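Chemist: Mind having a look at this structure? Questions to follow.
Computed from the coordinates by the stated procedures, all read-outs in this text should not be read as laboratory data. Small disclaimer: the values here were computed from a predicted structure and weren't measured. Positions of Cβ are generated from backbone atoms using ideal geometry, with glycine treated the same way; all protein chains shown enter the neighbour counts.
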Amino acid sequence: MIRFLVSSIISAGAIWLVTFLIPAVTLTPYGGDGLWQTIASYLLVGAIFGLINAIIAPVVKVLAFPLYVLTFGLISFVINGALLLFVAWLSTQIGADILTIEGFTTEGLTIESLGWAILASIIISISSFFARAIFKAARIL
């Protein structure tokens, strides 16, 4: 359980970094624009990202094994980007549907296209790698 919480925090930090670096990836906080709502929103999307990577990603990667062989593993960028788009779609389904106008009041993570999602997944992978290395060196993970 501690490992999942630390992993969710690392994913939330990586998603924050991506939203900071890439203007096409945004996160609209759930419940308002306050500091705690923003932090909770990043943690929630990080937890969703962790669950998707733990449950769905291994199945997709096993099914796509022939494509991994044919493309020498480069299909992993597309698969990770598509999974990140799926996380973005799931995060927009959680928001309160009191009054939603498409493109204006949608809460959650939004990504403009698959290309931006692929770039975002590369940045998330790199930043998560370094964060996990730091946590392992500190013997937290």
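Chemist: Using a cut-off of under 20 Å, list every residue of region 106-125 whose amide N is near the label point 7 Å from the Cα of R132 along the Cα-to-beta-carbon line.
Modeler: Only 118-125 pass the distance filter.
Chemist: Using packing as a proxy for protection, rank 9-15, 56-62 so that the peptide with the highest average count of other Cβ atoms within 10 Å comes first.
Modeler: So the peptides 9-15, 56-62, ranked by packing, come out 9-15, 56-62.
Chemist: Let me ask something else. Note down the magnitude of the dipole of the chain about its Cα centre, charges +1 on Lys and Arg C-beta and -1 on Asp and Glu C-beta and zero elsewhere, to the nearest 20 debye.
Modeler: Magnitude of the dipole: close to 760 debye.
Chemist: Still on this structure, I have one more. Compute the distance in nm between two label points, each set 7 Å from the Cα along the Cα-to-Cβ direction, one at I94 and one at R3.
Modeler: In this crude spin-label approximation the distance works out to 2.2 nm.
Chemist: What's the exposure ranking of F49, F72, going from fewest to most Cβ atoms within 10 Å?
Modeler: F72, F49
Chemist: For the chain, what does -39500 (n - 2.57) per DSSP helix run (n ≥ 4), summed and divided by total residues, give at 222 nm, in deg cm²/dmol to the nearest 500?
Modeler: -24000 deg cm²/dmol
Chemist: What's the exposure ranking of E112, E107, going from fewest to most Cβ atoms within 10 Å?
Modeler: Ranked by crowding around the Cβ, least crowded first: E112, E107.
Chemist: Now, a different point. I'd like the projected area of the chain, averaged over all directions, using the convex hull of its alpha carbons. Report it in nm² with one decimal.
Modeler: Result: 9.4 nm².
Chemist: Same structure, new question: Listing R132, R3 from the residue with the fewest other Cβ atoms within 10 Å to the one with the most, what is the order?
Modeler: R3, R132
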